[in-house]
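Here is the structure we will look at.
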Amino acid sequence: PTWKRTLARRARESQMKRFCRAQAIQRRLEEIEVTFRELEQQGIKLEKLLRDENESPADQQTQWTNQLLYLVQKKNNLMTEESDLMIA
């Protein structure tokens, strides 16, 4: 009967939507992981600069500190997004 085919088609469509959504979430989680690693490397460089360059002008150290704080903020935002995606 037609209604059985319609139900089967709707079930397949629903399953495909869930699958596509899961793929999109997985892709975004992988992108977040790559960005985490990049931010970590940038943070390590900034921390080394701050530790090793004590003779640098104060405004330069302030700039590095602000950059480091910005990286931490970006990382926190990504962690929030990652948590939201894990729940979805």
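Give me the Å³ per residue figure for the convex hull around the C-alpha atoms of the stretch 27-87. It would help to have the intermediate numbers written out before the result.
Details: hull volume 3.4 nm³, N = 61.
In the stretch 27-87, the Cα convex hull volume per residue is 56 Å³.
Tilt of helix 58-87 relative to the longest C-alpha principal axis of the chain, in degrees (0 to 90, nearest 10)?
Tilt relative to the chain: about 20 degrees.
Compute the long axis of helix 2-52 from its Cα atoms, compare it with the longest principal axis of the Cα atoms of the chain, and write down the angle in degrees, 0 to 90, nearest 10.
Computed tilt is about 10 degrees.
What does the helix-only formula give at 222 nm for the chain: each DSSP H stretch with n ≥ 4 adding -39500 (n - 2.57), the total divided by the residues, and the result rounded to the nearest 500 deg cm²/dmol? Walk me through the intermediate numbers first.
On the way: 2 runs with 81 residues, N = 88.
Helix-only estimate at 222 nm: -34000 deg cm²/dmol.
Just from the alpha-carbon atoms, what are the Rg and Dmax of the stretch 1-58 in angstroms?
When restricted to Cα atoms, the stretch 1-58 yields Rg and Dmax of 24.8, 83 Å.
Every read-out reported here was derived from the displayed coordinates using simple, explicitly stated rules and does not represent laboratory data. Quantities reported herein were computed from a predicted structural model and do not represent experimental measurements.
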